[in-house]
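A quick write-up on the structure given underneath.
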Amino acid sequence: MSTRFKISTFIFFFFASINLSAQSFYKEKNSRDNIVSIGIGPSFAYLDNGGPYRDFSFNIKPSVSLSLTKRLTERFDLRATAGAQWIESTKNASPTVQGIWFENNAAYTAVGAAYYFDVMPSVNLVAFENHMNRSIVNLYGGLGLGVMYSVTDQTKSYSEDAQIYREKLTTAYIPLRAGLSYTLGPYSDIAIESTMMVNFSDNIDGNIGFNKFNDNLIQGQIVYRRYFFSSFDH
């Protein structure tokens, strides 16, 4: 192999590496303003037949979520979230309470799932211009508007042979969501996130008006967040 060929090869790879480094630097100068998030964690439903809550006697069920977030400014985002939460009432009602439910033709039990979708603006406590210079720890939160579809199997007694009624309901809700994120790397975060879904309906469980509030859902999730470019950013 001639000396001239070796020198030419060295020069080619040298300038090629410089070009790749420059492209990489330029790419990171462009902020990744889109975030995909996947969450999973425990949840419970505030139901008329789900307590008593003052004794912490309620069922904990799983919940999952998938979110897409678009960063609008250094501090504000717009987020869309879809997910599911499993719900289950208890069988702890006293004979007196059961008598009230019997008179009202209300459901004693409800088991099923709620599927939801919401859109909400959110705010970051620590503002950042580029994903590469975001803080190690950040707080974020917001509220929005969503729609929920629930499917539950309900009974109107605690009897083992009670007739089961399949009930479906669509309702609107207001999501109240807040999280604490920790930076894992240039493009990834891990977060602890809590959500309360304030429902416009009190009939998810087939039991209306026994508790003070509507049938609200509460979640606590571990969330993995990944920053990415959208196709129109190139």
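Each reported figure results from applying straightforward, stated rules to the coordinates on display, with no laboratory input. Every value quoted in this text rests on a predicted model; they were computed, and no experiment measured them. Cβ atoms come from the backbone with ideal geometry, glycine included; neighbour counts cover every protein chain shown.
Assorted remarks:
- Two-decimal Rg to Rh for the range 125-234 - Kirkwood Rh, Cα set: 1.16
- Summary value for the range 31-233: 25 percent relative contact order, contacts being C-alpha pairs under 8 angstrom separated by 6+ residues.
- Packing-based order for 34-46, 66-78, using average beta carbon neighbours within 10 Å, highest first: 34-46, 66-78
- Cut-off under 5 Å, modelled amide H: who pairs with S157 long-range: Y108, T109
- Highest mean first, the peptides 172-178, 133-139, 120-126 sorted by other C-beta atoms within 10 Å per residue fall in the order 172-178, 120-126, 133-139.
- Two-site label geometry, K91 and K212: point separation in nm, points 7 Å out along Cα→Cβ: 3.0
- Only Lys, Arg (+1) and Asp, Glu (-1) charged, at Cβ; the chain dipole about Cα centre in debye: 1300
- Applying Stokes-Einstein at 20 °C and 1.002 mPa s to the Kirkwood radius of the range 63-123, computed over alpha-carbon pairs, gives a translational diffusion coefficient of 144 µm² s⁻¹.
- Angle in degrees between helix 3-29 and the longest Cα principal axis of the chain, rounded to the nearest 10: 40
- Residue among A114, A191, A93 with the largest mean-square fluctuation in a Gaussian network model of the chain, springs linking Cα atoms under 10 Å: A93
- The range 175-234-the range 95-133 distance, computed between alpha-carbon centres (Å): 9
- Taking E103, E167, E193 in turn, the Gaussian network model of the chain (Cα-Cα springs below 10 Å) assigns the largest fluctuation to E103.
- For the chain, the alpha carbon positions stretch 97, 38, 31 Å along the principal axes, listed from largest to smallest.
- Inter-label distance, nm, simple model (7 Å from Cα along the C-beta direction), F117/I164: 2.8
- Once the Cβ-Cβ distance of N105 and V151 is raised to the sixth power relative to R0 = 25 Å, the FRET efficiency obtained is 0.75.
- Two-decimal Rg to Rh for the range 176-216 - Kirkwood Rh, Cα set: 1.31
- Whole-Å distance, taken between Cα centres, linking the range 145-167 and the range 68-94: 22
- Note on N133 and D55: their simple-model spin labels are 5.7 nm apart, each label 7 Å out from Cα toward Cβ.
- In range of the label at M196: residues from the range 45-85 whose backbone nitrogen is under 11 Å from the point 7 Å along Cα→Cβ: none
- When the charge dipole of the chain is built from unit charges on Cβ atoms (+1 for Lys and Arg, -1 for Asp and Glu) and taken about the Cα centre, the candidate among S67, Y173, N199 whose Cα reaches farthest toward its positive end is S67.
- Rounded to the nearest Hz, the phi-derived 3J(HN,Hα) couplings of the range 140-155 under the Karplus curve 6.51 cos²θ - 1.76 cosθ + 1.60 (θ = phi - 60°) are 9, x, x, 9, x, 9, x, 10, 10, 10, 10, 10, 9, 9, 10, 10, where x marks glycine and proline.
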